[in-house]
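The values are calculated or read from the model by the stated rules, or taken from the named source; none is laboratory data. Please read these numbers as outputs of a predicted model, since none were measured by experiment. Cβ: placed from backbone, ideal geometry, glycine included. Neighbour counts: every protein chain shown.
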Amino acid sequence: MSHSSSSTTTSSVHGFLNFLARELDNLDHLFLSHNFMSATFLRHVLSSLRSFLSHLTLLVQNLNLPVGEKWLDEYMDETSRLWEASLLLKSGVSAMEKYSSSAANIPSLLDDHRVLNAQLSRQVIRAINGCQREMTALQEENKSTAEAKLQTLSLRFKETILAESKFNKYNGFRGVLHAMRNVNTLLLLILLSGLVYYRPETSFYQSTHEGSSTTFMVSTGKLHQRVANAMGRLELQPGILLHELQKAKFAMDEVRMEMESRVLDYEVDEKVGELRSCLGVLQCGVEEIDGQIDDLLDEIVEGRKKLLDMCSHR
């Protein structure tokens, strides 16, 4: 984004809301062009969260808000919620990093063997069983953590029209914060489903945006509906939806079936190669996401400090 367009988006409430709408439309297009819940798409979602936060901080500096008013508390509340949710995402990603590095031992067991004997076959199957148990335990732990946090972080996506008079307070900044809360909630729910835990019966994605009048609300509703429709169509099972994790689990099942049915031959080699490749892509994807979450945490701290400094110097 050029400097002039960036300053335009951050100098007025209207400009900021239009910026949100454009970014959400962009995510909607990206959702269509990537695999469902792929690491690449989730990185774009994280990138949007970071961008919204930095533009929000700039907008506050431009709006010349009164020192000592409640707007700062509201900003701090929202960034605290974002911080807590980011830590939850980080714990999910760290668990997947551990899983993928322990699963990487499976293809390496077969590295120097041209013939598959019964002992080696049992060893590989034991290692696969161990990984599958680890994944089950990980998903159970993620499930209980996510369910507890959904309550405390108010992660229930809801539509509320922005045109209420109370949102015009603080030069329209309260309306902006309300918009941000709704957008952050939607993006965090997408990230949590991909990286921590998804449960089909939750009301995460049961909402309607019919009749939304603002461009921003139309864009939010469109992305929300796109994700909801995909989830309904795919009839997803509870668990971590990350595309690369699903591929690695499928590849591991394929290796297991080969181990149980035949001697080491070209087809087994191919399936072991596929597993190695899937685990490498998974490891790389979660490492990059982990780095983005760290950046988001740093930026939350930075933004809070900037606004506190700004208020103390006025």
Residue check, GLY303 surrounded by 14 or more Cβ atoms within 10 Å (Cβ to Cβ), modelled with pLDDT of 90 or more and within 30 Å of LEU58 (Cβ to Cβ)
yes
Search segment 187-209 for residues that are closer than 16 Å to GLU140 by Cα and modelled with pLDDT of 65 or more and pair each with any residue that is among the polar types (S, T, N, Q) and assigned to a loop (DSSP other than H, G, I, E, B) when their beta-carbon atoms are under 8 Å apart and the residues are at least 6 apart or on different chains.
PRO200/GLN237
Considering only segment 80-110, how many residues are polar (S, T, N, Q) and touching a Lys or Arg at 6+ places or on another chain (Cβ under 6 Å)?
0
Only one of VAL301, VAL255, VAL272 is free of Cβ contacts under 8 Å to residues at least 60 places away in the same chain, β-branched (Val, Ile, Thr) and assigned to a helix (DSSP H, G or I); which?
VAL301
Going by the conditions given, is SER91 closer than 21 Å to LEU189 by Cα, among the small types (Gly, Ala, Ser) and assigned to a helix (DSSP H, G or I)?
yes
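Conditions (1) within 24 Å of GLU288 (Cβ to Cβ); (2) modelled with pLDDT of 95 or more; (3) β-branched (Val, Ile, Thr), marked per residue:
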site	(1), (2), (3)
SER2	no, no, no
SER5	no, no, no
THR8	no, no, yes
LEU32	yes, no, no
ALA39	yes, yes, no
